[in-house]
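One structure is given below, encoded as structure tokens.
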Amino acid sequence: MKKNRYQSKKRITNYNYVNYISKLLEDITDIDPFENTRRLETVEIRSLLVYIMREVEGMTYESIRDYFENKGKSFDHSTALHAYRNYPMYCKYNKKLDEYFDMLISASTVGKAKKIKAKKIIDNCDPSVAEIFTYMIEKDLVVS
């Protein structure tokens, strides 16, 4: 059967890291991000998971959709985009999301997680300290 130009290619993604993070997130919060509900607590946790999938793992919105659908959650790429874009707003009103994010990034072995952690430190500190920290990162003087 010939594909038309609107059918997307099926991407093969390694979900080992995402499975680990989603299980860890569920253990930390006692909230199932794949539950079919619109409760705010669940929506916020789901948004955190999408944010990590996008920022740390570099997953596309389509692969995020595929992952959620494989877990039994009704999801499409625009839902993933909405969750990703609203994560900063959820953090503004729920300070625990930042704590959960830090825990999950600390548990990560992915190289990009260290860069995200460093960026967060730089964004939240005094500008003069940020310059020193940035210099140390560029010269590989920071010990993790």
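Within the range 19-44, which residues are of a type in the set (Asp, Glu) and either surrounded by 16 or more Cβ atoms within 10 Å (Cβ to Cβ) or assigned to a helix (DSSP H, G or I) (or both)?
Glu26, Asp27, Asp32, Glu41, Glu44
Taking the criterion of being assigned to a loop (DSSP other than H, G, I, E, B) and loosely packed, with under 13 Cβ neighbours inside 10 Å, would at least one residue in the range 65-72 satisfy it?
yes
Does Met59 meet the test of being more than 22 Å from Asp27 (Cα to Cα), at pLDDT 65 or above and in a loop (DSSP other than H, G, I, E, B)?
yes
Is it the case that Thr109 is modelled with pLDDT of 85 or more and of a type in the set (Val, Ile, Thr)?
Judged against the criteria, Thr109 is not a match.
Just checking, how many residues over the range 74-100 are in a loop (DSSP other than H, G, I, E, B) and in contact (Cβ under 8 Å) with a residue 40 or more places away in the chain?
The number of residues fulfilling the criteria is 1.
The values are calculated or read from the model by the stated rules, or taken from the named source; none is laboratory data. Since this is a predicted model, take the numbers as computed values, not measurements. With ideal geometry, Cβ positions are generated from the backbone for all residues, glycine too; neighbour counts draw on all protein chains shown.
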